[in-house]
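J.: Let me give you the structure first, and then I'll get to my questions.
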Amino acid sequence: MTRLLPLLALALALPAFAQSGDRVFDETYPFRAGDELAVATSSASFGTSSGDLSFGDVEGDLRASTSSGDLRADLAKPGRVDISTGSGGVRLRAPASLAADLDLGGGSVRIDRDFRFAGEIRDRSAEGQIGGGSVLRVRTGSGTVSLSAR
């Protein structure tokens, strides 16, 4: 079941928080495990303590964090992206034409060769540019950070 927020939220940040079991809710819209949320906003923030977060076709700014869950996001036309996990992995997919400044750190970091990455990749971090543009910052304590082309 998908629930669309009113267009009043268009230029506002939408805070949402989740609890164990991927159950997402905020003070107005309660959700059950497996529910989806369609957000019409240019900036959104989401957090969870032990559930996974998944985002499709991200356009605009995104801030997301989870203590022990995994995070997946398809980046269509991202603005500033700031993602953090304690022990979960982060899987990002984006068009090969992505333009971004990258600051990635985790248990391991992988960047698809389809991107024209200019910078430095180490075992646990990557810093540099793919054409330059919006900031894409990802931090995970022990999980893998991967950026792949779609």
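The values are calculated or read from the model by the stated rules, or taken from the named source; none is laboratory data. From a predicted model like this one, the values you see are computed outputs, not experimental measurements. Ideal geometry is used to build each Cβ from the backbone, glycine not excepted, and the neighbour counts take in all protein chains shown. All accessible areas refer to the heavy atoms of the entire protein, side chains included, with ligands and DNA or RNA removed. Shrake-Rupley method; radii C 1.70, N 1.55, O 1.52, S 1.80 Å.
J.: Residues of the range 131-148 with amide nitrogen under 11 Å from the 7 Å Cα-to-Cβ point of ARG124?
T.: In the range 131-148, the label zone of ARG124 (backbone N under 11 Å from the point 7 Å along Cα→Cβ) covers 140-143.
J.: Turning to a different aspect of this structure: Using a/c under 1.5 as the rounded threshold, could you call the range 36-150 rounded, prolate or oblate? The axes a ≥ b ≥ c are square roots of the C-alpha gyration tensor eigenvalues, and prolate needs a/b larger than b/c, oblate otherwise.
T.: oblate
J.: Something else now. Hey, if you put +1 on the Cβ of every Lys and Arg and -1 on every Asp and Glu Cβ in the range 55-117, which of SER108, ALA73, VAL58 ends up farthest toward the positive end of that dipole?
T.: SER108
J.: Next question. Kindly identify the range 58-122 as rounded, prolate or oblate by the Cα gyration tensor criterion: order the square roots of the eigenvalues as a ≥ b ≥ c, call it rounded if a/c is under 1.5, otherwise compare a/b with b/c, prolate if a/b is larger, else oblate.
T.: Here the range 58-122 falls in the oblate category.
J.: Given a Förster radius of 25 Å and the C-beta distance between ASP114 and GLU59 as r, what FRET efficiency does 1/(1 + (r/R0)^6) yield to the nearest 0.05?
T.: Details: r = 21 Å, r/R0 = 0.83.
Taking R0 as 25 Å, the efficiency between ASP114 and GLU59 is 0.75.
J.: Please give the per residue accessible area of the range 64-150, computed with a probe of 1.4 Å over protein heavy atoms only, in Å².
T.: Ligands and nucleic acids excluded, the figure is 49 Å² per residue.
J.: Using a basic spin-label model with each label point 7 Å from the Cα along Cα→Cβ, how many nm lie between SER142 and ASP103?
T.: Here the modelled spin labels are 2.6 nm apart.
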